[in-house]
Structure formats: structure tokens, C-alpha cells
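Enquirer: Sharing a structure here in C-alpha cells format.
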Amino acid sequence: MDSIAAIARAPHHPFTVEPIVIDPPRPGEVLVRIAGVGLCHTDLVARDQFIPIPLPAVLGHEGAGIVEAVGEGVTKVVPGDRVVIGFASCGHCARCDEHLPSYCREFPMLNYAGARTDGSSGLRQGDAALSGHFFGQSSFAGHALAQERNVVKIEATDVPLELLGPLACGFQTGAGGVMRSLACPAGSTIAIFGAGPVGLAAVMGAVIQGCATIIVVEPVASRRDLALSLGATHVIDPAAEAVLPDAIRAIVADGVEFAFETSGREAVVEAALASLGSHGLLGLVGVPPKPESSLTINLAALITYGHRIHGIIEGDSDLDSFIPELVELYRAGRFPFDRLIRTFPLAQINEAVEAQARGDCVKAVLIP
């Protein structure tokens with residue numbers, strides 16, 4: 001069928017919105033008409049080849065929409081169902097069996113290869129195939145092909161479907177990082193580094209968990225204000241602090257029990273680690289600036305204080321349970337992620353990229 005897509009043709013170059021052809025769904029596949037798709041930093045690092053998906057490619061991995069057709073054997077959804085499209089996983093490895101699909105043994109191949117497992121692509125222009133199937137969807141488009149396993153049916157009809165896509169990655173990473181990966185108990189203390197979409201979702205998750213002290217470290221004043229309005233108890237401008245861990249210990253004298261780092265920058269990660277109290281746990285979700293980025297860790301301090309470091313993928317989310325949970329929290333007014341969103345037409349994807357880079361919006365959602 002004919003559709004449109006934003007195509008990444010070269011690293012660090014603008015996307016181009018062009019017509020494409022999408023194959024009918026094969027066995028086990030689902031064709032979704034996209035209502036809205038979130039713009040995530042991971043899409044940009046893939047375009048710029050930190051994730052080396054072959055170009056030209058259709059990216060996008062925070063899609064939501066309406067099922068238009070299903071392939072042979074699909075029973076989870078039917079045409080007309082409202083769905084969020086999450087990441088792809090195999091469903092049969094040890095981690096998938098533990099309901100930790102984001103740590104699937106086949107995650108890189110299923111989400112980053114730009115093709116089906118047989119090497120084919122369901123996206124093309126004329127006779128030329130396009131890389132697709134990014135995170136099992138490639139939803140920077142009017143339509144997306146997904147696997148049955150990575151679509152999540154949304155039963156609620158009173159939620160704005162076009163805004164739900166970011167639950168598939170950024171918002172579930174932030175909220176899940178606090179609620180599932182770190183599992184912060186009520187009354188605990190946490191410092192969240194970065195108040196972008198992931199960090200602010202973590203703030204909301206910390207409020208849901210009942211954390212007593214929620215410290216947000218963020219250089220942009222408007223985002224610090226937004227963090228406070230969402231439930232942060234303290235905010236810190238890192239540019240105003242000579243020694244960031246000291247500023248955190250001025251609030252929690254013994255250091256925080258949990259730290260959540262979203263920037264991927266080495267110096268910030270090291271400051272987050274230094275902010276922990278005894279047996280504190282640091283969760284890492286930020287994409288580092290370079291593949292070879294590394295940390296300097298004082299091993300004696302690590303052992304002396306029992307600090308722990310947890311690399312987190314997708315907030316340890318099990319899609320079919322956690323995304324509906326977040327939808328219900330939104331409906332109850334406890335996870336107001338819509339306050340972070342600004343919508344753009346898909347044709348204005350490059351303007352949306354620039355707006356996010358400037359800090360004019362926290363989370364851009366593209367409407368085909």
C-alpha cells in the first residue's frame with residue numbers, strides 16, 4: 001500500500017518526507033495506521049549512526065495508532081483496535097521468559113538491523129528497499145509494520161491515542177526505571193539527573209512510588225520549574241554548583257538512596273555515583289555521546305560503601321502489563337505525561353528536532 005514516511009538518508013542531515021510503499025503484513029505481523037509517534041533521542045543517534053542501521057532508513061519507535069490489517073496467525077489484535085507499538089523481542093529466550101523482554105537475547109537484531117530476521121524489508125520506494133522495522137515498527141510514517149508481540153492493545157477509549165506513543169519508550173523508560181528497575185520504596189530518597197522526557201517521567205514515577213525526597217538536577221530553568229510542578233521536592237541548577245554531589249548532600253546529608261542518570265555524560269554519571277549514600281543504587285539510561293565513552297570509578301569507594309550500578313533498558317518494562325498500567329495512571333491523573341508533549345505534523349519533523357534541541361518543548365509528537 002502507498003503511504004508516507006520521514007526518511008533518514010545521511011548522518012546529521014535533515015529528514016525528508018517522501019512517499020513509500022509498505023508490504024501487506026506477513027504471518028505474525030500487524031499493519032498499523034499511525035495516529036502519532038514520539039520523537040526520541042534514540043531516533044537521532046540512529047540517523048547519525050551511533051546505532052549503525054543501514055541508510056536510507058525509516059526510523060521512529062514510539063508509535064500509536066489503529067490496526068488496519070493483520071497477518072496470518074495473529075490473534076492478539078484485530079483491525080480497528082487501538083494500539084501502542086513497543087520494542088521487539090523474541091519471546092522465547094531466558095530474559096523474555098522472566099518477563100524482561102528489553103534484555104532479550106535477540107534485542108539488537110530485532111530492533112536495530114533495519115530488516116526482518118530473514119533480511120527482507122517491508123518498506124520500499126519503487127524497486128529499492130528501505131531500511132525499516134526499527135524497534136519492530138519504523139513509525140515515522142503514515143503506517144507501520146509491527147510484530148504481534150510488540151503491539152499493546154489499549155482498551156480505554158477516553159485517552160488521546162495520538163499522544164500515547166511515547167509510552168512505548170521514553171516515558172516507560174523513565175517511569176519504569178524508578179517504579180520497576182530501581183523499585184524505589186515509599187519514603188526513599190532519589191536524585192534524578194536531567195529533566196528531559198525520561199527524567200520527568202522518572203519524577204512522576206517517583207511521586208507514584210511515594211519517594212520522600214525527589215531531587216532534580218537540570219540546567220534549564222523552565223524544566224526545573226516543570227519538575228517542581230510534577231512533584232519534585234528540590235531542584236538544582238548544575239551550572240550554579242562548584243561540586244554537584246555536595247549540593248545534593250546539603251539536602252540529604254548521608255547521600256541519596258537512589259540516583260537516576262539520563263544524560264549519558266561521563267562527568268554527570270560520576271557525579272551521580274558520588275551522590276549516593278551507603279549501599280545506594282545508580283540507574284543508567286542515558287545514551288553516551290560516543291560508543292567508546294567510559295567511566296573512572298574509585299574501586300575502593302565502590303567496595304567501601306557498597307554502591308551498585310544498574311544499566312537499564314526500557315525501564316525493565318513488560319509491554320503488555322506496564323503500558324496499560326501507565327495509561328490507567330494517566331486516566332487517574334497520577335501520570336500526566338501529556339503536560340510534556342507538543343505536537344507537530346510529520347512534515348515538520350525537522351522543526352520538531354530543532355525545537356527539542358533548543359528546549360522549546362520537552363517531548364515532540366509527530367502527527368502523520
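The values are calculated or read from the model by the stated rules, or taken from the named source; none is laboratory data. Every value quoted in this text rests on a predicted model; they were computed, and no experiment measured them. Note that each Cβ is placed from the backbone with ideal geometry, even for glycine, and that neighbours are counted across all protein chains shown. In case anyone asks, the SASA skips ligands and DNA or RNA and just uses the protein heavy atoms, side chains included. Shrake-Rupley method; radii C 1.70, N 1.55, O 1.52, S 1.80 Å.
Enquirer: Of all the accessible heavy-atom surface of the chain, with the other protein chains kept in place and a 1.4 Å probe, what percent is carbon and sulfur?
Expert: 54
Enquirer: Which of the listed residues, Met109, His99, Gln137, is farthest toward the dipole's positive end in the range 94-164, when Lys, Arg count +1 and Asp, Glu count -1 at the beta-carbon?
Expert: Farthest towards the positive end: Met109.
Enquirer: Considering the dipole of the chain built from charges on the beta carbon (Lys and Arg +1, Asp and Glu -1) around the Cα centre, which of Ala352, Phe15, Asn298 is farthest to its positive end?
Expert: Toward the positive end, the furthest listed residue is Asn298.
Enquirer: Let me ask another. Report the Cα centroid-to-centroid distance between the range 156-231 and the range 33-61 in angstrom, as an integer.
Expert: 23
Enquirer: Related question: Roughly what would the spin-label model give for His92 and Arg358, points 7 Å off Cα along C-beta, in nm?
Expert: Distance between the two pseudo-spin positions: 5.1 nm.
Enquirer: So, one more: Within straight cross-link reach of Lys76, meaning Cα distance under 27 Å, which lysines are found once same-chain residues fewer than 8 apart are removed?
Expert: Here the lysines satisfying the reach criterion relative to Lys76 are Lys153.
Enquirer: Additional query: Taking every DSSP beta bridge that has both residues in the chain, what percent is antiparallel when rounded to the nearest 5?
Expert: 55
Enquirer: How would you classify the chain from its alpha-carbon gyration tensor, with a ≥ b ≥ c the square roots of the eigenvalues: rounded for a/c under 1.5, else prolate if a/b is greater than b/c, otherwise oblate?
Expert: prolate
Enquirer: Which value, in debye to the nearest 20, gives the size of the charge dipole of the chain about its Cα centre, when Lys and Arg are +1 and Asp and Glu are -1 at the Cβ?
Expert: In debye, rounded to 20, the chain gives about 160.
Enquirer: Please compute the per residue accessible area over the range 158-269 with all protein chains in place, 1.4 Å probe, rounded to a whole number of Å².
Expert: For the range 158-269, the solvent-accessible area averages 32 Å² per residue.
Enquirer: Might you report the magnitude of the Cβ-based charge dipole of the range 143-226 about its Cα centre, with Lys and Arg at +1 and Asp and Glu at -1, to the nearest 20 debye?
Expert: 240
Enquirer: Now for a separate question. I need the Debye-formula profile for the range 10-109: one equal scatterer per C-alpha, no solvent, reported as log10 I(q)/I(0) at q = 0.16, 0.17 1/Å, two decimals.
Expert: Treating every Cα as an identical point scatterer, log10 I(q)/I(0) equals -0.91, -1.02.
Enquirer: Grab the DSSP H runs of the chain that are 4 residues or longer, score each as -39,500 (n - 2.57), total them, divide by all residues and round the 222 nm result to the nearest 500 deg cm²/dmol.
Expert: -7000 deg cm²/dmol
Enquirer: If you average the alpha carbon positions of the range 240-264 and of the range 322-368, how far apart do those two centres end up, in angstrom?
Expert: Comparing the Cα centres of the range 240-264 and the range 322-368, I get a distance of 28 Å.
Enquirer: Would any residue of the range 1-36 have its amide N under 19 Å from a label point 7 Å out along Cα→Cβ of Asn350? List them or say none.
Expert: Only 4-20 pass the distance filter.
Enquirer: Enter the accessible area per residue of the range 114-154 (Å², integer; probe 1.4 Å; all protein chains in place).
Expert: 32
Enquirer: Which whole-Hz couplings ³J(HN,Hα) result when phi for each residue of the range 7-17 is put into the Karplus expression 6.51 cos²θ - 1.76 cosθ + 1.60, θ = phi - 60°, listed in order with x for Gly and Pro?
Expert: Whole-Hz 3J(HN,Hα) from phi for the range 7-17: 10, 8, 9, 7, x, 6, 10, x, 6, 10, 8.
Enquirer: To the nearest 20 Debye, how big is the dipole of the range 55-130 about its Cα centre, given +1 on the beta carbon of each Lys and Arg and -1 on that of each Asp and Glu?
Expert: Value, rounded to 20: 100 debye.
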